[in-house]
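Asker: Below are the structure tokens for one structure; questions will follow.
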Amino acid sequence: MLREVRRLPLPKASLSIQPADRTLVNLDTVFSTVPPAFDRTVTILGQRVHVTGTASRYTWHFGDGATTATTGPGRPYPALDVTHRYAKADRTHRPRVDVTFTISYAVSGGPTQTLGQTITTDGVPAALTTHEAVPVLID
């Protein structure tokens, strides 16, 4: 069953970044996503199989080598569920969130079973540029 489920195109998560497109170094950048849903009925070996994927883990790749994992999708600001501080200015990063799915299935209307392994899909990379703000004293 695992081999057949791996052939199904599981959804990829898109990032929400605040502030969008660009951020300042040494300040929290907030990340979140909408949990991707997966619910399909397919035919496997002549049997109708209802397959459901539930997001159970999110691995955040910030594009500068740092990663973190959570069990939730984060929330937009003012929540600070998933944040990252970039250290270097004038860089373009490609952050993404990979989603790990727990898979359940039912064969021909039978009882729902859980697949023994999870399946992870790579997220859609976004573009994020870092900048540095320099304070200036004025009269």
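Asker: What net charge is computed for the residues neighbouring residue 34, neighbours being all others with C-beta under 13 Å from the C-beta of residue 34, Lys and Arg scored +1, Asp and Glu -1?
Answerer: +2
Asker: I need to check one value: relative contact order of the stretch 6-127, counting alpha carbon pairs closer than 8 Å and at least 6 residues apart, in percent.
Answerer: That works out to 31 percent.
Asker: What's the carbon and sulfur percent of the stretch 7-139's accessible surface, probe 1.4 angstrom, rounded to a whole number?
Answerer: Percent of accessible area from carbon and sulfur atoms in the stretch 7-139: 51.
Asker: Once the other residues with Cβ under 11 Å from the Cβ of residue 12 are scored (Lys, Arg +1; Asp, Glu -1), what is the net sum?
Answerer: For residues surrounding residue 12, the net value is -1.
Asker: Say the dipole of the stretch 67-139 comes from +1 at the beta carbon of Lys and Arg and -1 at that of Asp and Glu; which of 127, 112, 137 then lies farthest toward its positive end?
Answerer: Farthest towards the positive pole: 112.
Asker: Ok, one more. Trypsin sites (Lys or Arg not before Pro), restricted to the stretch 21-115: which are DSSP loop and have at most 15 other Cβ atoms within 10 Å?
Answerer: Passing both the DSSP loop test and the Cβ count: 88.
Asker: A further question on this structure: Taking the Cβ of residue 89 as the centre, find all other residues whose Cβ is under 14 Å away and add up their charges (Lys, Arg: +1; Asp, Glu: -1).
Answerer: +1
Asker: Taking just the C-alpha trace of the chain, give me its Rg and Dmax in Å.
Answerer: 19.4, 79
The values are calculated or read from the model by the stated rules, or taken from the named source; none is laboratory data. Values in this document were obtained by computation on a predicted structure and should not be read as measured data. As a convention, Cβ positions derive from the backbone with ideal geometry for all residues, glycine included, and neighbour counts pool all protein chains shown. The accessibility values were calculated without ligands, DNA or RNA, using every heavy atom of the protein model including side chains. Shrake-Rupley method; radii C 1.70, N 1.55, O 1.52, S 1.80 Å.
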